[in-house]
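The values are calculated or read from the model by the stated rules, or taken from the named source; none is laboratory data. Note that the coordinates shown come from a computational prediction; the quantities given were computed from them, not determined experimentally. Ideal geometry is used to build each Cβ from the backbone, glycine not excepted, and the neighbour counts take in all protein chains shown. All accessible areas refer to the heavy atoms of the entire protein, side chains included, with ligands and DNA or RNA removed. Shrake-Rupley method; radii C 1.70, N 1.55, O 1.52, S 1.80 Å.
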There are 2 protein chains.
Amino acid sequence: MIKGIGHLGLFVKDIDESLNALSKLVEFEKPTIKEAPEMGVKAAVVDINGIGLEFIQDHTGDGGLAQMINEKGDMIHHFCLLTDNIEEDLENLKQRGVEMLDQAPRVGLRGKKIAMSAPSALNGISIELSEP
Amino acid sequence: MIKGIGHLGLFVKDIDESLNALSKLVEFEKPTIKEAPEMGVKAAVVDINGIGLEFIQDHTGDGGLAQMINEKGDMIHHFCLLTDNIEEDLENLKQRGVEMLDQAPRVGLRGKKIAMSAPSALNGISIELSEP
């Protein structure tokens, strides 16, 4: 069952610059930047009173993600729907015709089982299913 | 003081289509669509366990917002930072060099005092200050 909204996924050109900008808006504990070359990204998660801001940057600076950000600028790419049973909710979504990029759960950047939708899930906006 | 994240502002081509897509993802109470011709928009807010999804559509279908959405597609445009003292926090942000579109609080779509930032606030991503 879907339990609420868990985090926002932000595609950014430079995580350090984003954290610097964020530090003018709100106080937070500086996160470690996690390297995930197998996914082609670096990422850092800032918790703002229970909602995560997940900053995601291209790992090499010249991959597909970097090209997308160069074209479109930094963006809030997706939001996460928390589920207490990702296998079941993923099947439910697929049965309702929601197009998913991940046909089965996989371990995401935060070490949780996730499944990403296609952008069509919300008319051009992607959503992520994730364990809490 | 900033208390957390309150809602996401989604710019969409068609609120009804967005609500229809959302209904495949999560259960929610169907919101009324509020007309705000003075702001050039229609809007509807869906509450997902305490976090609002604020769907915003161009009022006439041929205003600046519609043009932006036609070019870029539906998008998560901003997230909201909740403040218990918007006048004070707005001044704090300005003193730290955050560029704001609203220099003073105004009443937003949800009937609360808000102030929108420029996209530069988070390196291309806008934020909104809002009363809870």
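Within the range B:36-56, work out how many residues are more than 18 Å from residue B:14 (Cα to Cα) and touching a Phe, Trp or Tyr at 6+ places or on another chain (Cβ under 9 Å). Final tally of qualifying residues: 3. One residue stands out in the range A:35-54 among those that are at the interface with chain B (Cβ under 7 Å from one of its Cβ atoms) and aliphatic (A, V, I, L, M): the one that is farthest from residue B:93 (Cα to Cα), namely A:51. For the range B:68-83, the set of residues classified as more than 11 Å from every other protein chain (Cβ to nearest Cβ) and loosely packed, with under 13 Cβ neighbours inside 10 Å consists of B:70 only. The strands (runs of 3 or more DSSP E) found entirely in the range A:35-132 that carry 1 or more residues being farther than 28 Å from residue B:52 by Cβ are A:41-48, A:51-58. The residues in the range B:78-94 that are farther than 20 Å from residue B:119 by Cβ and more than 20 Å from the chain's Cα centre (by Cα) can be counted, and the count is 2. The residue of the range B:1-34 that is nearest to the other protein chains (Cβ to nearest Cβ), among those that are touching a residue at least 60 places away in the same chain (Cβ under 8 Å) and either small (Gly, Ala, Ser) or open to solvent by 80 Å² or more (accessible area, probe 1.4 Å) (or both), is B:4. Scanning the range B:104-132 for residues that are in contact (Cβ under 8 Å) with a residue 12 or more places away in the chain and out of contact with any strand residue (DSSP E or B) (no Cβ under 8 Å at 6 or more places or on another chain) returns a single hit, B:120. Of note, residue B:47 satisfies the criterion of being under 16 Å from the mean Cα position of the chain (by Cα) and closer than 17 Å to residue B:6 by Cα.
Yes/no matrix, rows are residues, columns are (1) under 29 Å from residue A:15 (Cβ atoms); (2) surrounded by fewer than 16 Cβ atoms within 10 Å (Cβ to Cβ); (3) more than 10 Å from chain A (Cβ to nearest Cβ):
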{"position": "B:85", "(1), (2), (3)": "no, yes, yes"}
{"position": "B:96", "(1), (2), (3)": "yes, yes, no"}
{"position": "B:99", "(1), (2), (3)": "yes, yes, yes"}
{"position": "B:107", "(1), (2), (3)": "no, yes, yes"}
{"position": "B:121", "(1), (2), (3)": "yes, no, no"}
{"position": "B:131", "(1), (2), (3)": "no, no, yes"}
